[in-house]
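Only one structure is covered here, and it is reproduced in the block below.
The values are calculated or read from the model by the stated rules, or taken from the named source; none is laboratory data. These figures come from a predicted structure and were not determined experimentally. All Cβ positions, glycine included, derive from the backbone under ideal geometry; neighbour counts span all protein chains shown.
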C-alpha cells in the first residue's frame, strides 16, 4: 500500500472512531491518528532531507491528469515542523478540551477536523498537481474554519470565522487564477509546467504571475495588507487551535511562496525587492499594532504578522542573493527564513498554549484585568517568559539564531551588493532592528502585566497551577526552543539540503561550514552566558547567606495606603509609545468629561483599530454595500416577484444568443451588399 | 590576549564613575569624593542584607544577576585594537546588542514585578528609549561593515583607517553617536538625571527603587562596567593596528579618562530634557548614523 493511500485510510478509520467512541476517549483517538500520520510523513520527510526524494504517481482521470506526489527537502522540512506542532497541539488540546466535554457533537467535529487538517497540510507539502493542490488547500481551509468556530454560539467567534472563511477563499481565487493562467498556456496541471511557462513567457508576465501567487499565498501567511483576517481568527479559536494556526497553518503561505520561487523563472532581484518591502512593512506594522492591543490573543496574533514579516525579510534577502549571485546572502537569507519558520512555530504555539492555560484559569484575555499570576502559576509564567524572550529574538533562545542569520545576510548584502541594494538593505536593517526593539516593549508589557505585580481585579475563582499533562507539551516545546538556541549548528546542517534546492550545491559549497562555525560560537557564548548567570546567582546566595533577608511592602515613596489599582496598567505602560506613533495608528477613544466640583464616576475607553483594515476592507465594503443597496427593491420578499425574476432570466438567456445571431447575420448581409 | 581587554575594562570600571563624579564636583567648585568612592559603595552594598517586597516573585531576585551577566558577556566581546575580544565571530556585534537587550528585558520586568506605579513608569520609559536608540547602533555598525568589508568587531576596528577628510568626519560622527548611545544606555544627562530627587522625573533610578543589598550593588557595578565598556569601544577608534602594548594601553586609559571627564562636563553644563522630548532627541541619533552611512558611501565612491 502506498503511503498516500495509507494516510487517507488513517483519516477515514480514525474519523469514524472519533465519532463512535465516548467523549473522554475522543482526544486520545485524535492523538493516535496524528501520531500515526506524523510517523508516516516524518519517515518520508527525513528521507527527503537526506537526499532521497519521495515520489508517487496516481492517474487522476481525464480531469486531473497525472497526480504527482513528490516530497523534496523543502516539503520534508515543513512536514517535520508541522508534525511537531500538530503533536504538541493535540497533546495540549486534548486537555484543553476537557472543559467542553458536555458538547459531544462539537468535540467530534473538532477532532475530526483536526485529523483532516493535519493530513491536508501534509498533502499541501507533497501534492504537485495544481488541481490536486487546490483540493487539499481547500480541505485545509475548511477544516481550519471548523476548528476556529468551535464556540460558534458566540457571535464574535462566528463573525471571525466567516471573516476567515471569506478571506481564505479570496486567497484561493488568486491561486486558482494563477493556476488557470499557467495551465491554459501549457495544457498541463503539473507544477513543473509553471517553470516551462515562465521560461518562455515575457518577464513582465512572469512577474505578474508571481505577484498573483504571492497575493494568494500572502493572504494565508498574513502579509500586510492581506492580514486583516488574522487578528480576528486567532483570538476566536480555542487556544491550541490558535497555536497551530499561528504556528503552522499560516506557514503554508510561506511554504507556497517558497515552492513557487523554486518553480517560477522570474527576475529574482525584482521579486526579492517586492518581498523585502512588503515584509518590512508587515513586520513593523504588525508589532506596532501588537503593542497597543489589550487582548492577549489578539496581541499574539499581531505578533504572527510581525514574524511573518521577519521570515519574509529572509526570503527577500535570499532572492536578492540569488539575483546578485551572492551565495553568502542567499544562504543566510533562505536559511534564516526557514529556521525562523520553525522557531516561530515553536515559540508562538508555546505562547498560545500558555495563554490558553491562563484563559481557562481566569476566564478573561483582557490584559488590564490580569496581574500577579506568577505567584499562582509559576510554571506557566516561566514557560510564557521563555517564549517571550525567544520571540523577542534574545539569546540564548532560538529566535536569536534565525534573526542572527538574517542579520548576517543583511550586513553581508550591504557590504557586497551594488549601491541601490545597499540603501534598500539599510532600510531593511532599520526595520528589523525596530521590530526587535518594539517586540521587547510589547513582551515586557505582556509578561509584566499578566504575570507580575499584584492582581488588578479579583479573580472569579481560586487559581492553581495547571496539572502536569497540560504542562508536559509546553515543556517539550520550551526544551526544543532552548536546544535550538544552544545547538544551532545542528539545524544548519539539517537545513542545507533545503537551501541547496534554491541555490544549487555548487553555488554554496563551503557556505554551510562557515555558518556552522559561527553558529557554534554563538551557541557556546549563549551557554557561557547561562553559566555566568548561575555563577553570579550562586555567589550572591553565598555572600548573602549570613545576612538578614527581610520582606516588606513595596516602597511607594512614602505613600502608605497602596492598593493594586495604583499599579501601572498595560495602557499606561505603552502610553508614551502610543502618543509617539499616533499619526500612524488609529485609536478610538471615548472619554467622559469631568465638569463638576465633585465629579461623578467617568469612564475612558481606548480601542485600537487597524488603519489598513479601515482603508482596504471597511471602505470598499461600505461602498459595495451602498451600491448593492440600490438594488434593495429587487429583494422584496414576495415569491411572485422571484418567479418573475426567474422567468426573466430564462428569457434573457434564450434571447441574447438569438439576438447576437441576428446581429451577426445582419452584419453579414450588409457585407454582402 | 582577549583577556587583556576584559581586565582593562573591568579595571577602568573601578574608577570611571569616580572620575565622572569628581569632574562634576570640580566644575561646580566642590572638592568631591575620591575617584574610588563608587566602587567602595558597591563593595559596601555587596556585604549587606536585603529587603524584598512581598509583591515580588523570583523574577525580581534573578533579574539583577542576569543583567550583570549580560554586561560581562558584552564586555568579553569588545576587541582591543586589532586583537579580538574573548568572544569573537562574524556578526558578533549583533550578539553584543542582543545580549545587552536581554539584560534590559530582565531589568524592566524586574521593575514591573514590584507592582509599584513609579517603577512601572521607569520601566516604560526605559523600554521605549532603548528601542529608539537601538537602530542608531546597528546602522552605525552597518556603515562600518560597508567601509571595511568586515562584519565582526575586531576585523572592523583592525582595518579601520582614516584617510580622506570625509573619513575623519565619519570617525568624529561615529564617536559622537557612540558617546550619546552611552549616555542613553546608562541613563545619564540629558536623557535622565541620575541625581534628581523627584521619582516622577527619573528613568533608571526609579526602576531600582526596591532593589537593595547585593542586588543593588550588582546593578550599580553593571552601570560602571557599561560605562567602561562603551569607553573601550570608543578607545578602539584610536587604537591603530600594529601598535605595541606599551603604546596602546596608555591610549586606552587616556581615552577612558577623557571620556569620563566629557561625561562629567556634559552633566555639569546641561539640563535634563523634558520627558516628552526625549524620544525625538534619541531618534535624531538614527539620522546622524544615516549621515555616517552616506559619508561611507561617499568615501567608497558609490555615490558621486
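Quick check: is even one residue across region B:67-79 crowded, with 23+ Cβ neighbours inside 10 Å, under 30 Å from residue A:578 (Cβ atoms) and either without any contact (Cβ under 8 Å) to a residue 40 or more places away in the chain or more than 8 Å from every other protein chain (Cβ to nearest Cβ) (or both)? Looking for residues that are crowded, with 23+ Cβ neighbours inside 10 Å, under 30 Å from residue A:578 (Cβ atoms) and either without any contact (Cβ under 8 Å) to a residue 40 or more places away in the chain or more than 8 Å from every other protein chain (Cβ to nearest Cβ) (or both), one finds at least one in region B:67-79, hence yes.
Yes/no matrix, rows are residues, columns are (1) in the same structural domain as residue A:531 (by TED's automatic domain parsing); (2) buried (at least 23 other Cβ atoms within 10 Å of the Cβ); (3) assigned to a helix (DSSP H, G or I):
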position	(1), (2), (3)
A:390	yes, yes, yes
A:399	yes, yes, yes
A:408	yes, yes, yes
A:423	yes, no, yes
A:440	yes, yes, yes
A:445	yes, yes, yes
A:453	yes, yes, no
A:483	yes, no, yes
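For region B:117-144, the set of residues classified as facing chain A (nearest Cβ under 7 Å), more than 21 Å from the chain's Cα centre (by Cα) and surrounded by 23 or more Cβ atoms within 10 Å (Cβ to Cβ) consists of B:118, B:120, B:121, listed by residue number. Is it the case, given these coordinates, that residue B:206 is under 30 Å from residue B:63 (Cβ atoms) and outside any loop (DSSP other than H, G, I, E, B)? Yes: the conditions hold for residue B:206. Restricting A:479, A:532, A:519, A:495 to those that are surrounded by fewer than 17 Cβ atoms within 10 Å (Cβ to Cβ) and in a helix (DSSP H, G or I) reduces the list to A:479. All of A:575, A:588, A:565 fail the test of being in contact (Cβ under 8 Å) with a residue 24 or more places away in the chain, within 36 Å of the chain's Cα centre (by Cα) and under 30 Å from residue B:127 (Cα atoms), apart from A:565. Within the bounds of region B:95-111, is there any residue that is over 24 Å from residue A:526 (Cα atoms) and either facing another protein chain (nearest Cβ under 8 Å) or not in a loop (DSSP other than H, G, I, E, B) (or both)? Taking every residue of region B:95-111 in turn, at least one turns out to be over 24 Å from residue A:526 (Cα atoms) and either facing another protein chain (nearest Cβ under 8 Å) or not in a loop (DSSP other than H, G, I, E, B) (or both).
Exactly one of (1) more than 26 Å from residue A:219 (Cα to Cα); (2) out of contact with any helix residue (DSSP H, G or I) (no Cβ under 8 Å at 6 or more places or on another chain) is unmet by residue A:609. Its number? Result: residue A:609 fails condition (1) only. Looking across A:513, A:504, one residue alone is modelled with pLDDT under 90, over 22 Å from residue A:320 (Cβ atoms) and out of contact with any helix residue (DSSP H, G or I) (no Cβ under 6 Å at 6 or more places or on another chain). It is A:513.
Scanning region A:537-550 for residues that are within 7 Å of chain B (Cβ to nearest Cβ) and part of a loop (DSSP other than H, G, I, E, B) yields A:547, A:548. Considering region A:574-594 alone, what residues qualify as being in contact with a helix residue (DSSP H, G or I) (Cβ under 6 Å, 6 or more places away or on another chain), within 8 Å of another protein chain (Cβ to nearest Cβ) and either within 24 Å of residue A:555 (Cβ to Cβ) or at pLDDT below 85 (or both)? Result: A:576, single match.
Residue count for region A:551-573 under the criterion of being more than 7 Å from chain B (Cβ to nearest Cβ) and either part of a loop (DSSP other than H, G, I, E, B) or surrounded by fewer than 12 Cβ atoms within 10 Å (Cβ to Cβ) (or both): the result is 8.
Among the residues of region B:141-154, the ones that are part of a helix (DSSP H, G or I) and either touching a strand residue (DSSP E or B) at 6+ places or on another chain (Cβ under 8 Å) or free of Cβ contacts under 8 Å to residues at least 60 places away in the same chain (or both) come to 4 in all. Residue count for region A:391-404 under the criterion of being within 19 Å of residue A:318 (Cβ to Cβ) and over 20 Å from the mean Cα position of the chain (by Cα): the result is 1. Kindly indicate whether any position in region A:193-203 is over 19 Å from residue A:341 (Cα atoms), touching a strand residue (DSSP E or B) at 6+ places or on another chain (Cβ under 8 Å) and in contact (Cβ under 8 Å) with a residue 40 or more places away in the chain. Scanning region A:193-203 turns up no residue that is over 19 Å from residue A:341 (Cα atoms), touching a strand residue (DSSP E or B) at 6+ places or on another chain (Cβ under 8 Å) and in contact (Cβ under 8 Å) with a residue 40 or more places away in the chain.
On the stretch given as region A:595-618, residues that are out of contact with any strand residue (DSSP E or B) (no Cβ under 6 Å at 6 or more places or on another chain) and loosely packed, with under 11 Cβ neighbours inside 10 Å total 9.
Does residue A:509 qualify as being surrounded by fewer than 14 Cβ atoms within 10 Å (Cβ to Cβ) and either assigned by TED's automatic domain parsing to the domain that holds residue A:343 or touching a residue at least 12 places away in the same chain (Cβ under 8 Å) (or both)? The answer is yes for residue A:509. Name the residue that is nearest to residue A:311 (Cα to Cα), counting only residues in region A:414-430 that are under 24 Å from the mean Cα position of the chain (by Cα) and at the interface with another protein chain (Cβ under 9 Å from one of its Cβ atoms). Only one residue fits best here, namely A:429. Among the residues of region A:603-619, the one identified as more than 18 Å from residue A:286 (Cβ to Cβ), assigned to a helix (DSSP H, G or I) and modelled with pLDDT under 90 is A:618. The lone criterion from (1) in contact (Cβ under 8 Å) with a residue 24 or more places away in the chain; (2) under 13 Å from residue A:332 (Cβ atoms); (3) over 22 Å from the mean Cα position of the chain (by Cα); (4) at the interface with chain B (Cβ under 7 Å from one of its Cβ atoms) left unmet by residue A:407 is number (3).
Let's see how each residue does on (1) assigned to a helix (DSSP H, G or I); (2) more than 17 Å from the chain's Cα centre (by Cα); (3) at pLDDT below 90; (4) more than 15 Å from residue B:220 (Cβ to Cβ):
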{"residue": "B:22", "(1), (2), (3), (4)": "yes, yes, no, yes"}
{"residue": "B:33", "(1), (2), (3), (4)": "no, yes, yes, no"}
{"residue": "B:45", "(1), (2), (3), (4)": "yes, yes, no, no"}
{"residue": "B:55", "(1), (2), (3), (4)": "no, yes, yes, yes"}
{"residue": "B:67", "(1), (2), (3), (4)": "yes, no, no, no"}
{"residue": "B:115", "(1), (2), (3), (4)": "no, yes, yes, yes"}
